[in-house]
Amino acid sequence: MSVIVAPPGLSNVVVTDTRVGDVRGDEGFYQYRQYSAIELARTMSFEKVWYLFVYGELPDASELAEFVTLTRSLRAIPDELGSLLRTVALAGPERQLLAGLRTVLSAFAATRQITPMWDAGPDQRIADSLAVSAVTPTILSALFRIRAGEDPVDPRDDLSVAENWLYSLTGVEPAAEQARAVEQYMIATIDHGFNASTFTGRVIASTGADVISAVCGAIGAFSGPLHGGAPDRALDALDEIRENGDAKDWARVQLAQRSRIMGFGHAVYRTRDPRSEMLRDIALSLGGPLVDFAVEVENDVVSVLAEAYPDRNLYANVEFYAGVVMDRCGVPRQMFTPTFAVSRVVGWCANILEQAEDRKIIRPIARYVGPPVA
């Protein structure tokens, strides 16, 4: 048997074919299906792009209306999960709501009697994916509000995904400008190649497991600070820089200490992150002292990174301006990463459904380097 030794982190290893999307890091471009992801974020609604991920094409007016009605009807949390929801919300650290989401989704799967994808047909798999995608924001906002000592807000079927998300967090219907800014962020973060969480979800899907099991595995990978857990940490870094008084000095100290500068650099892009570029534009349109400060910090940190790594192109990534935009739209800091999860669950599900079409389990091998057998 011939053995192929993969590079660390499976860097640049092609593991499958996909119709979901692609990232071309050298060009600073990524796509959803056959469309530019950034162009979709600039011109489309979240619901239209969600439909695209499920069915492979953009909807016409009647298809969109039917899809919106269906997905809004799936937002409510089953009554039998009420006591569990409260127990989970009050357990654990404040910024670990994704762990709570995994727990509640597992119980939600039981209430829906979710079928393993190996035994389910395509229609049932899609139905399960729509259910988990629709209920995820409701669970996350409920966990947040219960933890804050407030009652959850029931989802409204007259609000879009982004509007309802902001409304569910605050109990106040958001301004149109804020809702659109968050919607554009959410569209831009639905999917992004074979990142760690997407790959994890596909590995689980390859076993024939149910949709929600695969989503819960993806959430576990996503919760790490090197992946989805970065937007709030990037804003924490802005706070540190403000206290320090000099972004360049702060950045040089981080590099000297070999600390990761959250919000800068990317594993794929060798040019500017197109998501960050769009979010900077959105932030500038929202305006405010935080935005002005973030732009100054970006320029200073990028210049320090250029000095330290002249052979690499390191720029602000999506997390840097994501935190700024969400802060300006009234999203609490501990809900930055959950907002990311609200959109990414749609991308996970598209990848999970695609993987379910392949009946072969993902089963690589490891090279043993421990002590020899005695």
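The values are calculated or read from the model by the stated rules, or taken from the named source; none is laboratory data. Since the structure is predicted, the reported quantities are computational estimates derived from the model, not experimental observations. Reconstructed Cβ throughout: ideal geometry from the backbone, glycine too, with neighbour counts over all protein chains shown. Side chains included, ligands, DNA and RNA excluded: accessible areas come from the protein's heavy atoms. Shrake-Rupley method; radii C 1.70, N 1.55, O 1.52, S 1.80 Å.
For the peptides 71-80, 57-66, the ranking by packing is 71-80, 57-66, with the highest mean count of neighbouring Cβ atoms within 10 Å listed first. How would you classify the stretch 276-370 from its alpha-carbon gyration tensor, with a ≥ b ≥ c the square roots of the eigenvalues: rounded for a/c under 1.5, else prolate if a/b is greater than b/c, otherwise oblate? Cα axes put the stretch 276-370 in the oblate bin.
Excluding ligands, DNA and RNA, the accessible surface per residue across the chain is 47 Å² with a 1.4 Å probe.
Order 205-217, 252-264, 27-39 from most to least packed using the mean count of other Cβ atoms within 10 Å.
Numbers: 205-217: 23.5, 252-264: 15.7, 27-39: 17.7.
Packing order, densest peptide first, comes out as 205-217, 27-39, 252-264.
Take every pair of alpha-carbon atoms less than 8 Å apart whose residues are at least six positions apart; their mean separation over the length of the stretch 94-164 yields a relative contact order of 33 percent. Protein heavy-atom surface of the chain, 1.4 angstrom probe: 50% of the accessible area is carbon and sulfur, with nucleic acids and ligands not counted.
Take the alpha carbon atoms of the stretch 170-223, find their center, do the same for the stretch 305-342, and report the distance between the two centers in whole angstrom. Cα centroid to Cα centroid, the span is 16 Å. Could you tell me which of rounded, prolate or oblate describes the stretch 76-193, using a ≥ b ≥ c as the square roots of the eigenvalues of the alpha-carbon gyration tensor, with rounded for a/c under 1.5 and, failing that, prolate when a/b is larger than b/c and oblate otherwise? Oblate, because a/c is 1.5 or more while a/b does not exceed b/c. Over the chain, Cα pairs under 8 Å with separation of 6+ residues give a relative contact order of 23 percent. Working from label points 7 Å from Cα in the Cα-to-Cβ sense, the Glu66 to Ser303 distance is 5.8 nm. In this structure, Arg258 and Ala91 have a Cβ-Cβ separation that, at R0 = 35 Å, corresponds to a calculated FRET efficiency of about 0.55.
Rounded to the nearest 20 debye, the dipole magnitude of the stretch 22-122 is 420 debye, with +1 charges on Lys and Arg beta carbons, -1 on Asp and Glu beta carbons, and the Cα centre as origin. Working ranking of peptides 107-114, 177-184 by packing, defined as the average number of other Cβ atoms within 10 Å per residue, highest first, is 177-184, 107-114. Once the Cα-Cα distance is subtracted from the 0.36 nm per residue extended length, the Glu80 to Asp154 segment shows a gain of 25.1 nm. Each residue of the stretch 271-280 was assigned a 3J(HN,Hα) from its phi angle through the Karplus expression (A = 6.51, B = -1.76, C = 1.60, θ = phi - 60°), giving 9, 5, 6, x, 5, 5, 4, 5, 5, 4 Hz with x at Gly and Pro. For the stretch 1-107, the square roots of the Cα gyration tensor eigenvalues, ordered a ≥ b ≥ c, give a/c of at least 1.5 with a/b no greater than b/c, which places it in the oblate category.
Working from label points 7 Å from Cα in the Cα-to-Cβ sense, the Glu296 to Gln334 distance is 3.1 nm. Between Tyr51, Gly92, Ala148, the Cα set farthest toward the positive side of the dipole of the stretch 43-193 (charges on each charged residue's Cβ, about the Cα centre) is that of Gly92. Sequentially through the stretch 214-221, phi angles give Karplus couplings (6.51, -1.76, 1.60; θ = phi - 60°) of 5, 5, 4, x, 4, 4, x, 5 Hz, Gly and Pro residues having no value and appearing as x. Given the options Ile4, Val342, Ala37, identify the residue whose Cα lies farthest towards the positive end of the charge dipole of the chain (+1 on Cβ of Lys, Arg; -1 on Cβ of Asp, Glu). Farthest along the dipole direction, towards plus: Ile4. The calculated FRET efficiency for the pair Ser36 and Arg367, based on their C-beta separation and a Förster distance of 30 Å, comes to about 0.15.
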